[in-house]
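Written out below as structure tokens is the structure these notes cover.
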Amino acid sequence: MTDKHDLYRMQKGFFRDAYRSGRIGWPRTGVSPIVRTAFERGYLGPGSRVLEIGCGEGRNLRGLWPGTAAAVGMDYVEEPLRTARKSLPEKVSLVQGDLFALPFREKSFDVVLDWGVFHHLKKPERERYPLWLLHLVGSGGILLLGAFSEKFRHHPGEVRRQMFVRHRGHYDVFFDRDRFSRAMGPRWKLLWQGEENQGDGLSYYRLGIFQCMA
């Protein structure tokens, strides 16, 4: 049986290979609706210090940096960061780092954006995740979270009998509306929930804005 560490090493290799080959099944351009909603509702603004974990090639950072005080993107593979550096301004900091060993001081940020990391974590790590983010933002901090909806499909004929699956070298977890609302545990309050889809009839995501109440 593959243990937790082997799974995450395999998953890291999956993403590295995807970026190297260019065979990427997630959006590479355009800002997620969660970013626009956060600006509209006042959760992002001129004084905000924002971290995006799993920033990839920087599609959401392009929408974040003009309206915030500081924007930092972190990914655990170098390949997408090389692409991001070519198109993002120097004022956006890009860091290669790991969620399991965050290279930031306590309360370094006001807002964390995660569009695509949380839904690749096993249950023990998902349960620790709210504490990791609490360390980053402290009480009152904001999380913008995007994760796979239960309607997400890898291919048209996919049938699932459970809310997780191993698929082509990575682990995926899926969330219905109720499960997603409780995903961050008792220390985080859900302020807004929405949906995003890529228009292909397959790629559906839950979007949520959470506030740390600790």
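How many Å² of accessible area per residue for the chain, probe 1.4 Å? Kindly include the intermediate steps, with their values, before the conclusion.
Values: 10510 Å² over 214 residues.
Counting only protein heavy atoms, the per-residue value for the chain is 49 Å².
When you count, for each residue, the other Cβ atoms within 10 Å and take the mean per peptide, how do 197-205, 125-133 rank with the highest first? Before the final figure, lay out each step's value.
Numbers: 197-205: 14.4, 125-133: 16.3.
Answer by packing, highest mean first, reads 125-133, 197-205.
For the stretch 2-210, would you read off the P(r) tail past 33 Å as a percentage of all alpha carbon pairs? The partial results should precede the final answer.
Details: 1716 of 21736 pairs.
Of all Cα-Cα pairs in the stretch 2-210, 8 percent lie more than 33 Å apart.
What is the spin-label model distance, in nm, from residue 214 to residue 135 if the labels are put 7 Å beyond Cα along the C-beta direction?
Placing both labels 7 Å beyond Cα along the Cβ direction yields 0.9 nm.
Name the residues of the stretch 60-98 whose amide N is less than 20 Å from a point 7 angstrom out from the Cα of residue 23 along the C-beta direction?
Those under the cut-off are 77-80.
R0 = 41 Å: FRET efficiency of residue 5 with residue 159, Cβ-based, nearest 0.05?
Values: r = 30 Å, r/R0 = 0.73.
With a Förster radius of 41 Å, E is 0.85.
Compute the distribution of all C-alpha to C-alpha distances in the stretch 50-144, in bins of 10 Å from 0, and list the percent of pairs in each, rounded to whole numbers.
Percent of Cα pairs in each bin: 16, 52, 29, 3.
When the label point is put 7 Å from the Cα of residue 31 along its Cα-to-beta-carbon vector, which residues of the stretch 53-83 have a backbone N closer than 15 Å?
58-72
How many percent of the accessible area of the stretch 2-210 is carbon or sulfur, using a 1.4 Å probe? Walk me through the intermediate numbers first.
Numbers: 4830 of 10060 Å².
Its accessible area is 48 percent carbon and sulfur atoms.
Take every Cα pair under 8 Å in the stretch 2-210 that's 6+ residues apart, average their separations, divide by the length, and report that relative contact order as a whole percent. Provide the component values of the computation, followed by the final result.
Working: 355 pairs, mean separation 41.3, N = 209.
Over the stretch 2-210, the number comes to 20 percent.
What are the ³J(HN,Hα) couplings of the stretch 96-113, residue after residue, when phi is run through the Karplus curve with 6.51, -1.76, 1.60 and θ = phi - 60°? Round to Hz, x for glycine and proline.
For the stretch 96-113, the Karplus curve yields 8, x, 10, 4, 7, 8, 4, x, 10, 6, 4, 6, 6, 9, 9, 9, 10, 10 Hz.
How do 14, 180, 39 stack up against each other in accessible area, from largest to smallest, with a 1.4 angstrom probe?
Numbers: 14 35, 180 0, 39 65 Å².
The ranking, largest first, comes out as 39, 14, 180.
So how much slack lies between residue 178 and residue 40, counting 0.36 nm per residue of separation and subtracting their Cα-Cα distance, in nm? Mind dumping the intermediate values first?
Values: separation 138, 0.36 × 138 = 49.68 nm, distance 2.43 nm.
My answer for the length gained is 47.2 nm.
For residue 189, which lysines qualify as cross-link partners when the Cα separation must be under 21 Å and same-chain residues fewer than eight apart are set aside?
107, 123
The values are calculated or read from the model by the stated rules, or taken from the named source; none is laboratory data. Please read these numbers as outputs of a predicted model, since none were measured by experiment. Please note: Cβ atoms are built from the backbone with ideal geometry, for glycine as well, and neighbour counts cover all protein chains shown. For accessibility, only protein heavy atoms count, side chains too; no ligands or nucleic acids. Shrake-Rupley method; radii C 1.70, N 1.55, O 1.52, S 1.80 Å.
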